[in-house]
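Q: If you scroll down you'll find the structure; I have some questions about it.
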Amino acid sequence: EVGADPVAPSAARLFRGGFLIGVSNPKLLLFAAAFLPQFIDPAVDQGLQLAILVATFAAAEGFWYAAYALGGRHLARHLARPALRRLFDRATGAIFVGFGLGLLAGRP
């Protein structure tokens with residue numbers, strides 16, 4: 001319907017979508033296949049060790065994703081103020097221009 005307010009997806013749907021994308025990410029699978037085996041002792045039950053490693057990795061990732069989300073929410077509250085939003089936009093724009101100039105200066 002034209003002019004209707006779009007319905008925001010639920011938090012569960014957003015989480016499910018993000019989780020499925022993350023789990024199907026081949027970089028994560030390659031990282032796990034290359035990194036985790038060095039911490040597994042072949043003389044001991046490998047399934048339990050792998051479960052502990054995966055749980056530890058998932059907990060650490062969950063912590064950092066939660067920190068990013070909370071930090072983003074905190075930042076969004078501040079950026080709701082137009083003056084701070086303008087300052088943020090200008091500062092991040094200047095940073096990107098600086099990166100571009102650095103890349104340009106480093107070209108052979």
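The numbers here are math on the coordinates, done by the rules we state, and not lab data. Keep in mind the model is a prediction, meaning the values are calculated, not measured. In this analysis, Cβ positions are derived from the backbone assuming ideal geometry, glycine residues included, and neighbour counts consider all displayed protein chains.
Q: What does the charge dipole of the range 11-81 about its Cα centre add up to, to the nearest 20 debye, if the Cβ of each Lys and Arg holds +1 and the Cβ of each Asp and Glu holds -1? Walk me through the numbers on the way to the answer.
A: On the way: 6 positive and 3 negative charges, 139 e Å.
For the range 11-81, the charge dipole is close to 660 debye.
Q: Can you match mean projected area of the Cα convex hull in nm² to one of these, (1) 7.7; (2) 13.2; (3) 16.1, based on a calculation from the structure here?
A: Answer by label: (2).
Q: Now for a different question. Would you mind calculating the gained length between Ala67 and Asp89 on full extension (0.36 nm times residue separation, minus the Cα-Cα distance), in nm to one decimal? Could you put the intermediate results ahead of the total?
A: Numbers: separation 22, 0.36 × 22 = 7.92 nm, distance 2.23 nm.
Full-extension gain reported as 5.7 nm.
Q: What length, rounded to one decimal in nm, is gained on full extension from Leu79 through to Ile40, with 0.36 nm per residue of separation minus their alpha-carbon distance? Mind showing how you got there, number by number?
A: Values: separation 39, 0.36 × 39 = 14.04 nm, distance 4.60 nm.
Difference between extended and current length: 9.4 nm.
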